[in-house]
Amino acid sequence: MKKYLEIAKIVSVHGVRGEVNAQAWCDSPAVVCRLKTLYSKDGSSAYQVERARPKNDSMIILKLKGVDTPESAQTLRNKVLYADRGDIKLPKGSYFIADLVGLEAVDENGKSYGRITDILGTGANDVYELTKDGKKFYIPAIPSVILKTDVEAGIMTIFPMEGLFDED
């Protein structure tokens, strides 16, 4: 499993004090706002968060230590920020998207329905995109369909409800 997970992308400068607007790539901007340190992809660079606040449902305003002018903030534009997975506590039964993508979806008898290739947020519940033999199928991430998730084994056990895998 990856130690550092994509969590936000700096999209623009905010104001004249070195703040930036960042698009949060997690369930809530509040998750990013609670972090004290953000990282580069491999963790070789660390960015200390001086302050952070939600701007709206998907954006945050960040002030990183040492970034004090609009010019220095501009150099960070389009930079993807990462979080150390150990800094984020997930509720029981929740998983990082990075850990779900690539899992093989099988039924209780072991029949494969493909691998998770994308996760779509729809509001009510997520939808998992499965790909098998070049074909895409979509399953709702609801308890009656997702029976068990074993990230360590790379398997998600599903109940293939009627109509989910019809090709007609």
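The values are calculated or read from the model by the stated rules, or taken from the named source; none is laboratory data. The model shown is predicted, which means the values in this text are computed figures rather than measured ones. Because the Cβ atoms are built from the backbone with ideal geometry, glycine has one as well, and the counts that use them run over all protein chains shown.
Things worth noting here:
- Single residue of the stretch 94-110 satisfying the filter (touching a residue at least 40 places away in the same chain (Cβ under 8 Å) and over 19 Å from Glu6 (Cα atoms)) that is surrounded by the most Cβ atoms within 10 Å (Cβ to Cβ): Ala105
- The set of residues in the stretch 141-156 being buried (at least 16 other Cβ atoms within 10 Å of the Cβ) and either among the aromatic types (Phe, Trp, Tyr) or assigned to a strand (DSSP E or B) (or both) consists of Ile146, Thr149, Ile155, Met156.
- Residue check for Ile60: touching a residue at least 40 places away in the same chain (Cβ under 8 Å) and touching a helix residue (DSSP H, G or I) at 6+ places or on another chain (Cβ under 6 Å): yes
- Search result, residues across the stretch 6-42 that are within 16 Å of Ile88 (Cα to Cα) and out of contact with any Pro (no Cβ under 9 Å at 6 or more places or on another chain): Glu6, Ile7, Trp25, Cys26, Asp27, Val31, Arg34, Leu35, Lys36, Thr37, Leu38, Tyr39
- Residue that is surrounded by the most Cβ atoms within 10 Å (Cβ to Cβ), among those in the stretch 22-65 that are at pLDDT 95 or above and among the polar types (S, T, N, Q): Gln23
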